[in-house]
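Okay, so here's the structure we're looking at.
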Amino acid sequence: MSKHFLIIGGGIVGASLAYHLAQAKQRVTVLEQHAVASGASSKSFAWLNANYPDTPEYFALRLAALAHYRALAASHDLSSLLRFGGSLWWEDEGEAFDAHAALLARHNYRSEVIDARRFAQLAPAVKNPPERSLHAPEEAGVYLAGMTHWLLAAASAQGAVVQTGAAVEALEMRGRGAVGARTALEVIAADHIIVAAGVLTADLLAPLGFDLPMNNNAGLVLRSAPQDPLLDHVIMTPDVHFRQDPDGSLLMGEIFSGAFEPGRDIDALRAKVVDRVTRRLATPKPISIAQTMLGTRPMPADGIPAVGSVPGVEGLSVAVMHSAATLGPMIGRLLGEELISGEPAPLLATFRPNRFLPQQ
Ligand SMILES: Cc1cc2nc3c(=O)[nH]c(=O)nc-3n(C[C@H](O)[C@H](O)[C@H](O)COP(=O)(O)OP(=O)(O)OC[C@H]3O[C@@H](n4cnc5c(N)ncnc54)[C@H](O)[C@@H]3O)c2cc1C
């Protein structure tokens, strides 16, 4: 008989896990405190890439994640959510550009240095093409909130229960085992609980004695009113990045990480981003902003995902990471398979939360 899996968090990570568990005919409940995709998954630039190979294991995970998106897109119509147009990158210039190109080449990543002429052929709407950029043809952009809804709708169709407006106040414990989750209305019992609560993940684990160090950081993304089709690629320039979703809206992000300290002038920041995009992209009609998204990236302190058993607590797992626009669907699959089979996934071996336990 299937176990009952309880997932806390209705962002891309929780949604993907629910999807894979429900496809495997497991009993699944998702508790989301606000609405589906109301956290980072609705405020993401959502560039799908393996462009930053920090460690060989992280690179392998990101490559697998891109392949997983392709497999999903091959078996389902995701054309309203996903655009596999590749990317054009020149965030760094000069020696830093050379170093990045060499790093990707060492990893045999599918990317090539192209000149301004080739750039203009690939992305004619971009003004003043750079003399050199890196073209990574297998990268993509995703409408991440839509992808999250799609995964949860498919999970629900397989019997998963998705409760919104259901904030988990605490986990219910029996001895050292997690046995349920308490909301304002009820205690929901489960055989296994997975915390996929994004930036709030550590808050749910701390009362159990596990300190998950996080270094969450903020970012601004703007969404425009739809434009005619202009861009296939994700464009990463030294001072702004932008891409187009399948509905025609432009996603625009600034190169800024940190806290939104009180007094920061968001209107001025928004105007700066629009100005930078306008200087770089020829649009038939002026860019008008439909949505200003201030998001916080869930980021384990060492920058890489934390996925798997919570040390010292039975029946409890966690899945939290930055870059989950890229990684989330694959992580849901790997963790789901592990939870069902009990066999650890080799691709997840270096991402276990127990790396944060104090050294003896
Ligand atoms: C500005 C910005 C730009 C980004 N750009 C990229 C990019 O280009 N490429 C990329 O791959 N990634 C990018 N990311 C990262 C990516 O968007 C995130 O890693 C991903 O959205 C995290 O998904 P999640 O499901 O873990 O968290 P979330 O989407 O935050 O979901 C967690 C959910 O848990 C719920 N929750 C929290 N506590 C509780 C509770 N107690 N009870 C019930 N529910 C709870 C929240 O309401 C939330 O909906 C970006 C993020 C930001 C903010």
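The values are calculated or read from the model by the stated rules, or taken from the named source; none is laboratory data. None of these values were measured; they are calculated from a predicted model. Don't worry about glycine lacking a Cβ; one is built from the backbone with ideal geometry, like all the others, and counts go over all protein chains shown. Note: areas computed on protein heavy atoms with side chains; ligands, DNA, RNA excluded. Shrake-Rupley method; radii C 1.70, N 1.55, O 1.52, S 1.80 Å.
Within the range 157-202, report the trypsin sites (Lys or Arg not before Pro) that DSSP leaves as loop and that have at most 14 other Cβ atoms within 10 Å.
Those satisfying the criteria are ARG176.
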To the nearest 0.05, how large is the calculated FRET efficiency for ARG279 and GLU57 if R₀ is 51 Å and r is the Cβ-Cβ distance? 0.85
Between LYS272, LYS285, LYS43, which gets the highest mean-square fluctuation from a Gaussian network model of the chain, Cα cutoff 10 Å? LYS285
Scan around SER317 for amide H atoms under 5 Å from its own, H built in the peptide plane at 1.01 Å from N, and keep only partners 5 or more places away or cross-chain. ILE193, ILE194, VAL195, VAL310
State in Å² the accessible area per residue of the chain; use a 1.4 Å probe, count heavy atoms of protein chains only, and round to the nearest integer. 43
Table column - 3J(HN,Hα) (Hz), the range 116-129, Karplus curve with 6.51, -1.76, 1.60, x for Gly and Pro: 5, 5, 5, 4, 4, 5, 6, 9, x, 7, 7, 7, 6, x
In degrees, nearest 10, range 0 to 90: what is the angle between the Cα axis of helix 56-75 and the longest Cα principal axis of the chain? 90
Just to confirm a number: summing +1 for Lys and Arg and -1 for Asp and Glu over residues other than HIS4 whose beta-carbon lies under 9 angstrom from that of HIS4, what do you get? +1
Once GLU57, GLU169 are ranked on solvent-accessible area with the largest value leading and a 1.4 Å probe, the list reads GLU169, GLU57
Which of SER341, SER323, SER249 fluctuates most in a GNM of the chain (C-alpha springs under 10 Å)? That residue is SER341
Quick one: compute the contact order of the range 55-207, relative version, from alpha carbon pairs under 8 angstrom and 6+ residues apart, as a percent. 18
Here the FRET efficiency for ALA120 versus ALA67, based on Cβ atoms and R0 = 25 Å and rounded to 0.05, is 0.25
Solvent-accessible surface ranking, highest first, for SER2, SER16 at 1.4 angstrom: SER2, SER16
Expected max-MSF residue from PRO284, PRO229, PRO311 in the GNM of the chain (alpha carbon, under 10 Å) is PRO284
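Could you tell me which of rounded, prolate or oblate describes the range 1-47, using a ≥ b ≥ c as the square roots of the eigenvalues of the alpha-carbon gyration tensor, with rounded for a/c under 1.5 and, failing that, prolate when a/b is larger than b/c and oblate otherwise?
oblate
Compute the length gained on full extension between THR350 and ALA271: take 0.36 nm times their separation in residues and subtract their Cα-Cα distance, giving the result in nm to one decimal.
24.3 nm
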With a 1.4 angstrom probe the carbon and sulfur portion of accessible area for the range 86-179, in percent, totals 47
Quick check: the distance between the Cα centres of the range 104-161 and the range 323-337, to the nearest angstrom? 18
Carbon and sulfur atoms account, in whole percent of the 1.4 Å probe accessible area of the range 272-360, for 53
Given 190-201, 96-107, 62-73, the highest-first ranking by average Cβ count within 10 Å works out to 190-201, 62-73, 96-107
Return the calculated 222 nm mean residue ellipticity for the chain, to the nearest 500 deg cm²/dmol, obtained by summing -39500 (n - 2.57) across DSSP H runs with n ≥ 4 and dividing by the residue count. -9000 deg cm²/dmol
Relative to the longest principal axis of the chain, what angle (0 to 90°, nearest 10) does the C-alpha long axis of helix 94-106 take? 50
For the chain, just say rounded, prolate or oblate: build the C-alpha gyration tensor, square-root its eigenvalues into a ≥ b ≥ c, call rounded for a/c under 1.5, and beyond that prolate if a/b exceeds b/c, oblate if not. prolate
Pop out the ³J(HN,Hα) list for the range 247-254 in order, Karplus 6.51 cos²θ - 1.76 cosθ + 1.60 with θ = phi - 60°, rounded to Hz; leave Gly and Pro as x. 7, x, 6, 8, 9, 9, x, 9
Across the range 284-289, in residue order, what do the Karplus-derived ³J(HN,Hα) couplings come to in whole Hz, using 6.51 cos²θ - 1.76 cosθ + 1.60 with θ = phi - 60° and x for Gly and Pro? x, 10, x, 6, 10, 7
Can you give the extra length, in nm with one decimal, that the chain gains between GLU131 and GLU169 once fully stretched, where that is 0.36 nm per residue apart less the Cα-Cα distance? 8.3 nm
Calculated log₁₀ intensity ratio I(q)/I(0) where the Debye formula runs over C-alpha points of the range 135-228, q = 0.10 Å⁻¹: -0.45
Report the accessible area of TYR52, computed with a 1.4 Å probe over the heavy atoms of all protein chains in place, in Å² rounded to the nearest 10. 80
If the only charges are +1 at each Lys and Arg Cβ and -1 at each Asp and Glu Cβ, what is the size of the charge dipole of the range 198-299 around the Cα centre, to the nearest 20 debye? 300
Proximal lysines relative to LYS3, as straight alpha-carbon distance under 28 Å, when same-chain residues fewer than 8 apart are discounted: LYS25
Is the shape of the range 1-110 rounded, prolate or oblate, going by the alpha carbon gyration tensor and its root eigenvalues a ≥ b ≥ c, with a/c under 1.5 for rounded and a/b larger than b/c for prolate? prolate
State to the nearest 20 debye the size of the charge dipole of the range 104-170 about its Cα centre, where the only charges are +1 on K and R beta carbons and -1 on D and E beta carbons. 300
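Assuming R0 = 30 Å, what is the FRET efficiency of SER288 and SER79, from their Cβ-Cβ distance, to the nearest 0.05? Intermediate results must be reported in sequence, preceding the final value.
Numbers: r = 25 Å, r/R0 = 0.83.
Once rounded, the FRET efficiency stands at 0.75.
Placing unit charges on C-beta atoms (Lys and Arg positive, Asp and Glu negative, everything else neutral), compute the dipole magnitude of the chain about its Cα centre in debye, rounded to 20.
Dipole about the Cα centre, nearest 20: 460 debye.
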